[in-house]
Amino acid sequence: MIVEQMMKTNVFTLQPTHSIKDAITLMQENKIRHLPITNEIGSVVGIVTDRDIKEAIPSYLMEDQNQDIYETKIKEIMTKNPIIGHPLDFVEEIATTFYDQKIGCLPIVSGGKLVGVVTETDLLYKYIELTGAHQPGSQIEVRVPNRPGTLFEVSKVFHDHKSNVLSVLVYPDLVNNENKILVFRVKTMNPLGIIEDIRKEGFDVLWPNIPGMTN
């Protein structure tokens with residue numbers, strides 16, 4: 001999946017000459033935590049987060065508050081030249097950027113202009129959507145040999161049961177690198193028959209580990 005398919009295109013922005021008060025108002029009204037800062041032609045020149053604002057303004061618990069701070073231009077507190085993405089970047093690459101750079105928002109730029117934005121919340125929801133975790137069903141984890149054709153062999157069991165597979169994930173086996181762990185999310189609330197037949201095919205079902213059912 002590419003970023004263009006998941007990014008938000010209705011992006012709220014401000015310019016460097018806007019004030020901290022402007023940023024607070026815009027964030028509160030739209031329930032957002034990140035604001036790309038653009039110049040007059042729509043190019044990204046910075047980004048402001050709710051953390052930047054919290055670090056800049058005095059605590060409401062302080063008796064002597066300097067109200068002038070709210071009129072400070074956001075160019076004084078924004079992160080200049082932030083990391084950006086492109087609409088044709090892969091979502092996996094964007095997720096790696098979030099993790100490596102410890103950021104919570106990525107402006108998406110095409111042709112030098114801001115065209116969208118992706119946040120860590122967007123990535124989390126997309127993960128939930130891709131794994132099918134938001135749909136009712138059952139999860140089955142199977143340890144298989146790391147060889148060609150194994151996925152087909154296991155999937156045939158689901159086909160025979162006429163069970164709809166919502167998602168498939170593949171993980172390395174941390175115990176033995178000659179194996180893989182296949183994680184299926186299946187649109188059924190009673191996977192006992194499927195589990196039994198997977199085991200009959202000689203595969204090790206790790207989850208659910210149902211008492212009374214053995215390999």
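The alpha carbons of segment 87-215 occupy a box of 59, 32, 25 Å along the principal axes, longest dimension given first.
Taking Cβ atoms as reference points and 11 Å as the exclusive limit, the residues near ILE198 contribute a net charge of -3, counting Lys and Arg as +1 and Asp and Glu as -1.
Entry note, the chain: relative contact order of 18 percent, from Cα contacts under 8 Å with a spacing of 6+ residues. Positive-end ranking of PRO148, PHE98, VAL117 along the dipole of the chain, with charges on Cβ about the Cα centre, is headed by PRO148. ASN30 sits among other residues whose Cβ lies under 14 Å from its own Cβ, and their net charge, with Lys and Arg +1 and Asp and Glu -1, is 0. Of ASP52, ASP173, ASP22, the residue with the greatest mean-square motion in the GNM of the chain, using alpha carbon springs below 10 Å, is ASP173.
Student exercise: in segment 69-215, how many lysine pairs 8 or more apart or on different chains have Cα atoms under 17 Å apart?
So the count of such lysine pairs works out to 5.
Per residue, segment 131-215 exposes 62 Å² of accessible surface when a 1.4 Å probe is rolled over the protein heavy atoms with every protein chain present.
With θ taken as phi - 60° and the Karplus curve 6.51 cos²θ - 1.76 cosθ + 1.60 applied, the whole-hertz 3J(HN,Hα) list for segment 82-89 is x, 5, 10, x, 10, x, 9, 5 Hz, x standing for glycine and proline.
May I ask you to give the percent of accessible area on segment 150-189 that is carbon plus sulfur, with a probe radius of 1.4 Å? For segment 150-189, the apolar C and S fraction of the accessible surface comes to 58 percent. What's the long-distance tail for the chain, i.e. % of Cα pairs beyond 26 Å? For the chain, the share of Cα pairs beyond 26 Å comes to 54 percent. Projection of the Cα convex hull of segment 164-208, averaged over all directions and equal to a quarter of that hull's surface, yields 3.5 nm². Close amide H partners of SER110, meaning residues 5 or more places away or on another chain with modelled amide H under 5 Å apart, are VAL115.
The values are calculated or read from the model by the stated rules, or taken from the named source; none is laboratory data. This one's a predicted model, so the numbers in the text were calculated from it and none came from an experiment. No Cβ is skipped: glycine too gets one built from the backbone with ideal geometry, and neighbour counts run over all protein chains shown. Please note that ligands, DNA and RNA were not included when accessible areas were found on the heavy atoms of the full protein model with its side chains. Shrake-Rupley method; radii C 1.70, N 1.55, O 1.52, S 1.80 Å.
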